[in-house]
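Please read the structure below before turning to the comments.
None of the figures in this text is laboratory data; all of them are computed from the coordinates on show. Computed from a predicted model, the values in this text were never measured in an experiment. Don't worry about glycine lacking a Cβ; one is built from the backbone with ideal geometry, like all the others, and counts go over all protein chains shown.
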Ligand code: 6PG
């Protein structure tokens, strides 16, 4: 189903969702490498994308052409159980021959999250060769959806939702009290493709609000992700799509 440049694809279950996500990921990676010589991706954390990351194999891609960034990170050390980097390292990065220099970690362990945000922004600017006022164009930005409608670490009512100048912001997850670092909305809007992966009945109301509810990004932050000229793809399973209109 495609509405206003947005594509929503409903997969039967979590396994089919992971398969569809793998096909999309690899299709976009091979196209980007063919056209521009590299594939630059911003990975999401949480549990939903784990099956996608675990499905990727050394033989799938020329991994020396892949640059990995993170859409957000929790303010914890890289070996902490809550670390998105740790989850991605264990599920994917430790198994494929991607050069260490091509893995751009957010340093969540830094004392001051503002310093970590500034350092990550400098890394982004350096890697993409950005001048003042430029935005990075990720080939693919992976995103999840929280039951409260958040995405990346853009939480309801967060000041980061209104950030239109910086690429990276320090923010808070009120629910867990954990401080977080997140890419800001204009970065996601500048991606060639923003792809949400949403699975499970627990996300059904948030998905309905995001796709069919009144536009209110302060209350449903996932609504703020609207790539300018890029693709917006929602890959969801039937359980998550349960409350969507036919
Ligand atoms: C994070 C993610 C976050 C996640 C959603 C969904 O750091 O946790 O960036 O936005 O994608 O909370 O998480 P699940 O996939 O675990 O449901």
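Selection within segment 148-160: residues that are under 16 Å from the mean Cα position of the chain (by Cα) and within 12 Å of the ligand (Cβ to nearest atom). The member of this set that is nearest to residue 42 (Cα to Cα) is 152. Filter segment 109-143 down to residues that are under 20 Å from residue 78 (Cα atoms), part of a loop (DSSP other than H, G, I, E, B) and out of contact with any helix residue (DSSP H, G or I) (no Cβ under 6 Å at 6 or more places or on another chain) and give me whichever is nearest to the ligand (Cβ to nearest atom). Among them, the one singled out is 109. Only one of the listed residues (221, 217, 227) is surrounded by 17 or more Cβ atoms within 10 Å (Cβ to Cβ) and within 12 Å of the ligand (Cβ to nearest atom). That residue is 221. Only one entry of 200, 229, 133, 157 meets the criterion of being on the phi > 0 side of the Ramachandran plot and touching a strand residue (DSSP E or B) at 6+ places or on another chain (Cβ under 8 Å), and that entry is 200.
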